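A quick write-up on the structure given underneath.
The values are calculated or read from the model by the stated rules, or taken from the named source; none is laboratory data. Since the model is a prediction, treat every value here as computed from it, not as a measurement. Cβ atoms come from the backbone with ideal geometry, glycine included; neighbour counts cover every protein chain shown.
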Amino acid sequence: RGNNEPHRPQYHFTPTDNWMNDPNGMVYLDGEYHLFYQYYPDSTVWGPMHWGHAISTDLVHWEHLPVAIEPDSLGYIFSGSAVIDHDNTSGLGTKENPAMVAIYTYHDPVGEKEKRIDFQTQGIAYSTDKGRTWTKYAANPVLKNPGIKDFRDPKVSWVEREDGSGKWVMSLAVLDRISFYSSPNLLDWTLESSFNPDWAAYGGVWECPDLFQLKASDGTEKWVLFVSINPGGPNGGSATQYFIGDFDGKNFSAEHEDVKWLDFGADNYAGVTWSNVPEQDGRKLFIGWMSNWDYAQVVPTHPWRSATTLPRSLELVKSGDGFLVASRPAAELQALRKSTIEITEKSIALEEELVELELTPTVGSNFEIELSNEKGEKVIFKKSDDNLVFDRTASGLVDFEARFAKIHTAPLNGLEVKSLKIYIDRSSVEIFVNDGEMVMTELVFPTEPYSRLKLTSFENPGSMHYLKSIW
Ligand code: FRU
């Protein structure tokens, strides 16, 4: 596995074999970043969902562990989250050895077939050996279905009150709204409120929420709510919108009335943040599913399907009168660099396929970046007045699904493009504008590596790094 497989990502997480979708249950414990994920171990297309499992000490190199949670009589194991129950509120561990608790959705295929509407419920499982073995809670489900078909993807975190006491808060996707539930013990849940402002994006069903606090460099603290929607993304299919505002322990309120997208590329979906990251680290670490339901099941990779995005650190950044959430590649990725080259030419032969570009566009000017290979396959990324444009129509294999070969645009709304960081892997291009203020994450499937980089309208382009493979 690894090096010799066409299109196998060389520094992104992938399952060794078979189907993956959303990242699940991301939690840090004792030096290990846990990554669970929607996994179907018997096929390269979606099927009865399990939680696959991998761990990393640096967010870049991953060790595969056995499947953590398997379907049972209550259903398939859909997306959800994991927490460390430090105070043993659930009684499932001890204070000395707190339980790792996974909260996930049961999707009952029998109920679905019978055309019932109550076939999604929330269940929990726990581990007292650092996620190596799991026990399902005997009295599952812990949250029954109130009579609504889409009722899933619990993201749980501990929310502290001003007086130092706290409670667990679950954000749950309920068709076209996010409902917030609270609990003292992870076992008994009470509905507090729901959020669905009329100006939000509703092009598809709401999925995979995340609710967390972010602090700006000036000390301002805000609550952020992520909501993935499918379809209805800005460039078609799946995408993640977010809201910035306040959460008072019961209600979330947004402080803006415009739709904000985490990523304008087509391939960053269902991403959420890690829990239990040490306070001295201070980062909100994020990973998304690097695909799109429009074509995820037919992308030309074998014997696996799907990768995660690069790990990113989320930052609250001032923007006009308000704020935005910037996504920055995790600093750990710098360890992948093996050589650095100052760019002095406008047309550069790429000697290797794994590249990180650090470019400085000329202020106020349009520009164009082209990656191409000898077969004439190419990717074009450009600034065209007030838009960024990513064109993958001729990027390589494109005809496996009609909705793949598209030109994607991202409106700049006056934003000046000051810097670009671009990561090129064997089947993806990730573009970070101005330290992550705008992001485009895109899959591409060239039939041989891109071997030429052409830069148009750059005065002092910048530099590039060749990167090591994690295999
Ligand atoms: C998002 C999603 C979730 C669900 C899971 C099923 O991609 O549809 O809402 O829990 O995938 O695999």
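Counting just the residues of region 51-74 that are in a loop (DSSP other than H, G, I, E, B) and among the polar types (S, T, N, Q), which one comes out nearest to residue 139 (Cα to Cα)?
Restricting attention to region 51-74, the residues satisfying the condition of being in a loop (DSSP other than H, G, I, E, B) are 57-62, 70-71, 73-74.
With the extra rule that they be among the polar types (S, T, N, Q), the set shrinks to 57, 73.
Details: 57: 34, 73: 13 Å.
The qualifying residue nearest to residue 139 (Cα to Cα) is 73.
Working only within region 436-471, note down all residues that are closer than 13 Å to residue 358 by Cα and surrounded by fewer than 16 Cβ atoms within 10 Å (Cβ to Cβ). Correct list: 460, 463. The residues in region 185-200 that are under 30 Å from residue 92 (Cβ atoms) and either without any contact (Cβ under 8 Å) to a residue 12 or more places away in the chain or crowded, with 16+ Cβ neighbours inside 10 Å (or both) can be counted, and the count is 8.
Does region 351-364 contain any residue that is surrounded by 18 or more Cβ atoms within 10 Å (Cβ to Cβ) and in contact with a helix residue (DSSP H, G or I) (Cβ under 9 Å, 6 or more places away or on another chain)? Give the steps one after another, and end with the answer.
The first filter runs over region 351-364 and keeps only residues surrounded by 18 or more Cβ atoms within 10 Å (Cβ to Cβ), leaving 353-357, 359, 361.
Now restrict to residues that are in contact with a helix residue (DSSP H, G or I) (Cβ under 9 Å, 6 or more places away or on another chain): 354, 356.
The answer is yes; a qualifying residue exists.
Does region 64-75 include one or more residues that are under 27 Å from residue 188 (Cα atoms) and surrounded by fewer than 14 Cβ atoms within 10 Å (Cβ to Cβ)? For region 64-75, residues under 27 Å from residue 188 (Cα atoms) and surrounded by fewer than 14 Cβ atoms within 10 Å (Cβ to Cβ): present. Considered as a group, the residues in region 71-123 that are within 16 Å of the ligand (Cβ to nearest atom) and free of Cβ contacts under 8 Å to residues at least 24 places away in the same chain include one that is nearest to the chain's Cα centre (by Cα), and that residue is 71. Residues that are closer than 15 Å to residue 272 by Cβ, within 16 Å of the ligand (Cβ to nearest atom) and of a type in the set (Phe, Trp, Tyr) within region 199-241 comprise 206, 226, listed in sequence order. Taking the criterion of being more than 19 Å from residue 437 (Cα to Cα) and crowded, with 19+ Cβ neighbours inside 10 Å, the residues of region 234-253 that qualify are 237, 238, 247, 252.
The rows are residues; the columns are (1) at pLDDT 95 or above; (2) surrounded by 21 or more Cβ atoms within 10 Å (Cβ to Cβ); (3) more than 16 Å from the ligand (Cβ to nearest atom).
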site: 267; (1), (2), (3): yes, yes, no
site: 276; (1), (2), (3): yes, no, yes
site: 281; (1), (2), (3): no, no, yes
site: 285; (1), (2), (3): yes, no, yes
site: 290; (1), (2), (3): yes, yes, no
site: 297; (1), (2), (3): yes, no, no
site: 306; (1), (2), (3): yes, yes, no
site: 321; (1), (2), (3): no, no, yes
site: 334; (1), (2), (3): yes, no, yes
